[in-house]
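Reading through the structure tokens given below for one structure.
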Amino acid sequence: MKKKEPPTEKYPGNAWLAEKLAEHDFQFSVAFVHGIIRGSVANPMMVEPAETIAEIFDKKIANKMSVSELEVMFMGLFALWKETAVSFHVPTTFPEAVISRPGSGAAVRTFNSDIVDLANGFMKGFSLKPIPKEYRSDAVKSWWKDITDEASECSVWYERPEKLSEIAPDERSKLQVLSNALEWIEDCMVWLFVYSRFAMDSAGDAPAKVKVGRNEQCPCGSGRKYKKCCIPDHVIH
């Protein structure tokens, strides 16, 4: 007899999530689930956690789960949503917490698949509540297009490995190309968060105040790139 698993208030981790997704035949990967939750948190219309988690649950699958299994799964995902909401404005914690960057000769295809899933999940989560037209700044539209384009390009590499081989002939260069794509997607996520929040809270003149390029050193003197340091704080706070 299977031991009953108690609900938890703390996210049990990605290994637990992968096990649950496989156990109950969910069609989502761990990276996709993280993407949906992160995208919903980034949406300035404040998508509720229950609404976000409902997007992850397939009704047919949920109907096959016991009440206790549903409770455990829901509480684990809710804990992940809370952790994501608290840490979202700290870009250095993500996506490394979701996707392990392989070393040379490791599973490049899996790495690429995770990047695609993460980006597509984010776009799905971000789209759960439409942003009113009056708040759709050009910056938000631009970064939305960037993340869509980058995910599409990664999808091409995933579906047609020879395409990536044409660009990067060896394993090390393939990993570098994909790592660059992942970093760009991460940048887009952070900027969507920054500008969508800004659009809801500002009359529209604040972008002119942010004159430091995202790849330039942060003016705070930390030595890190602006995009990896104070940029969210400058706009959010």
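The values are calculated or read from the model by the stated rules, or taken from the named source; none is laboratory data. What you see is a predicted model; the values in this text were computed from it and never measured. Virtual Cβ from ideal backbone geometry, glycine too; neighbours counted across all protein chains shown.
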When the stretch 10-56 is checked residue by residue, the ones that are outside any helix (DSSP H, G or I), within 23 Å of Ser127 (Cα to Cα) and under 18 Å from the mean Cα position of the chain (by Cα) are Gln27, Phe28, Ser29, Asn43, Pro44, Met45, Met46, Val47, Glu48
* Within the stretch 209-225, identify whether any single residue is surrounded by fewer than 18 Cβ atoms within 10 Å (Cβ to Cβ), in a helix (DSSP H, G or I) and at pLDDT below 70, and answer yes or no. => yes
Check: Condition test on Phe32, is it modelled with pLDDT of 85 or more, crowded, with 16+ Cβ neighbours inside 10 Å and closer than 25 Å to Ile185 by Cβ?
Finding: yes
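Condition check ((1) modelled with pLDDT of 65 or more; (2) in contact with a His (Cβ under 7 Å, 6 or more places away or on another chain); (3) surrounded by 15 or more Cβ atoms within 10 Å (Cβ to Cβ)) across all residues:
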position: Met73; (1), (2), (3): yes, no, yes
position: Leu77; (1), (2), (3): yes, no, yes
position: Trp81; (1), (2), (3): yes, no, yes
position: Thr84; (1), (2), (3): yes, no, yes
position: Phe94; (1), (2), (3): no, no, yes
position: Ser100; (1), (2), (3): yes, no, no
position: Gly103; (1), (2), (3): no, no, no
position: Ser113; (1), (2), (3): yes, no, yes
position: Val116; (1), (2), (3): yes, no, yes
Could you tell me whether any residue of the stretch 144-157 is in the same structural domain as Arg38 (by TED's automatic domain parsing) and modelled with pLDDT under 80? no
inquiry  = Condition first: part of a helix (DSSP H, G or I), in the same structural domain as Arg109 (by TED's automatic domain parsing) and within 22 Å of Pro44 (Cα to Cα). Can you find one or more residues in the stretch 176-185 that meet it?
reply    = yes
